[in-house]
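The values are calculated or read from the model by the stated rules, or taken from the named source; none is laboratory data. Model, not experiment: these values are computed from the prediction. We place every Cβ from the backbone using ideal geometry, glycine too, and count neighbours over all the protein chains shown. The area values use the complete protein model at the heavy-atom level, side chains included, leaving out ligands, DNA and RNA. Shrake-Rupley method; radii C 1.70, N 1.55, O 1.52, S 1.80 Å.
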Amino acid sequence: MVWALLVLLTILLPAMHSWAPAAEAIRSSQFGQQQLFHEAPAFRNGKECPRQRLDPAQRPGWCHDPGAIHVAMTLDRAYLRGSMAAVLSIVQHAVCPESIVFHFLIASPGHDHHPEELPMDALQSVVKQTFPYLRFKAYEFQEALVRGRISSSVRSDLEQPLNYARNYLAAMLDECIHRVIYLDSDVVVVDDIAKLWRTELRDGHVLGAPEYCAANFTRYFTPAFWSNETLASTFAARSSTPCYFNTGVMVMDLRAWRRGGYTAMLEAWMDVRKESKIYELGSLPPFLLVFAGEVEAIEHRWNQHGLGGDCVVGSCRDLHPGPVSLLHWSGKGKPWARLDSGTPCPLDSLWAPYDLFRYRHRHPQLALALSMVA
């Protein structure tokens, strides 16, 4: 309870800003001419921040900015409200917010999987209107890379192709980007993200993430996996005991990823899953199969996960013991949907101050429509 109160004060006090609406609006078949989000205030670097080296003749400019902090997230209509809140929380709590470069991975619209998806240019317009000063680049994720490899999961939302975009970050982002923080769209950061950026990846580790070694690692795979002697020996040669880690918060060494061909390894395990039901938890198990036991352990404060109740609708969770730098509503329950429906969990109040959505009070049905589309 003490930590929950401290987190609440940390979030609410700096969040008391007034947001002036932007002048332009986006077009979409669902919403017509609407500006969906309030314009966020501009957050500027302090004197202690490194000066940006921006040469107009060099594209992209952040390739030559040694102080740049690269953050990758997916961006789609279903989680757009969460993404905007996450971005606001990151820049608001950063000591050097202008040093942060966002990389948004966007699904191609019009496919049978999500014909209602907003076009890439419309989503970029939303970002520009909401954060006029944000440094960002959008990338179109080619779903054909994974569509034939995705298997059934315990939750239908885990089967969305965009969930697998993180597998292809090393190929999608510019070669000059050597490191990136990957974040899910249902997070709120309440600390300076530069601290996470400075994580040292030692002993050849390709990625870092909070590990949860108390979790029962065997349950992330089916009996068909553990009963196969060859498959079960996958973790035998790892440098440490394999532990569960959540892929919604990761620090990734893209140079080492590219050299090691880790995308191909993830694809290979997805192909094995198509032949045999060795797991049921979407995009997570391939990461465990490739990296568990070879992960740079990061403090748990950087992923207070499970606030969405895992696979149980209406399940409310409390914070894990200890300090908090990042809140993560992983699971089926999302704070924006629960707040709009009038059935929030207590910790959803920690997400609410970052909600820039314009129509949550005046047009609750519109809010619900944006929140619930999957």
Q | Only listed residue being of a type in the set (Lys, Arg), over 17 Å from PRO119 (Cα atoms), open to solvent by 40 Å² or more (accessible area, probe 1.4 Å) and modelled with pLDDT under 90, chosen from ARG27, ARG53 | A | ARG53
Q.
Looking at region 237-253 only, could you name the residues that are open to solvent by less than 40 Å² (accessible area, probe 1.4 Å) and part of a loop (DSSP other than H, G, I, E, B)?
A. PRO242, CYS243, ASN246, THR247, GLY248
Q: Filter region 191-217 down to residues that are open to solvent by 70 Å² or more (accessible area, probe 1.4 Å) and of a type in the set (S, T, N, Q), then give me how many there are.
A: 1
**Q.** Of all residues making up region 155-182, the number that are open to solvent by less than 30 Å² (accessible area, probe 1.4 Å) and among the small types (Gly, Ala, Ser)
**A.** 2
(Q) Take the residues in region 263-278 that are in contact (Cβ under 8 Å) with a residue 24 or more places away in the chain, under 16 Å from TYR168 (Cβ atoms) and open to solvent by 50 Å² or more (accessible area, probe 1.4 Å); name whichever of them is farthest from the chain's Cα centre (by Cα). (A) ASP271
Q.
The conditions are (1) open to solvent by less than 10 Å² (accessible area, probe 1.4 Å); (2) over 13 Å from the mean Cα position of the chain (by Cα); (3) polar (S, T, N, Q), and SER185 fails exactly one of them. Which is it?
A. (2)
Q) Of all residues in region 181-236, which are in a helix (DSSP H, G or I) and among the basic types (Lys, Arg)? A) LYS195, ARG219
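Quick one: is ARG44 modelled with pLDDT of 85 or more and open to solvent by 30 Å² or more (accessible area, probe 1.4 Å)?
On the way: modelled with pLDDT of 85 or more: yes; open to solvent by 30 Å² or more (accessible area, probe 1.4 Å): yes.
Yes; evaluated as a whole, the condition is true for this residue.
Do we have ARG317 as over 17 Å from the mean Cα position of the chain (by Cα), surrounded by 17 or more Cβ atoms within 10 Å (Cβ to Cβ) and farther than 26 Å from SER227 by Cβ here? Show your work before the answer.
On the way: over 17 Å from the mean Cα position of the chain (by Cα): yes; surrounded by 17 or more Cβ atoms within 10 Å (Cβ to Cβ): yes; farther than 26 Å from SER227 by Cβ: yes.
Yes; evaluated as a whole, the condition is true for this residue.
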Q) So is ALA256 farther than 19 Å from ASN163 by Cβ, assigned to a helix (DSSP H, G or I) and modelled with pLDDT of 95 or more or not? A) yes
Q. Applying the selection to region 195-228, what residues are in contact with a strand residue (DSSP E or B) (Cβ under 6 Å, 6 or more places away or on another chain) and of a type in the set (Gly, Ala, Ser)?
A. GLY208, ALA209, ALA215
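Can you name every residue in region 105-129 that is at pLDDT below 90 and either part of a helix (DSSP H, G or I) or open to solvent by 40 Å² or more (accessible area, probe 1.4 Å) (or both)?
Looking only at region 105-129, we keep the residues that are at pLDDT below 90, and these are 107-119.
Within region 105-129, PRO109, GLY110, HIS111, ASP112, HIS113, PRO115, GLU116, PRO119 meet the criteria.
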(Q) Among the residues of region 279-300, are any more than 20 Å from the chain's Cα centre (by Cα) and under 30 Å from TRP336 (Cβ atoms)? (A) yes
Q: Among the residues of region 130-150, write down those that are open to solvent by less than 70 Å² (accessible area, probe 1.4 Å), in a loop (DSSP other than H, G, I, E, B) and not charged (D, E, K, R).
A: PHE131, PRO132, LEU134, VAL146, GLY148, ILE150
Q) Quick check: is even one residue across region 299-310 under 23 Å from ILE150 (Cα atoms) and either modelled with pLDDT under 95 or not in a loop (DSSP other than H, G, I, E, B) (or both)? A) yes
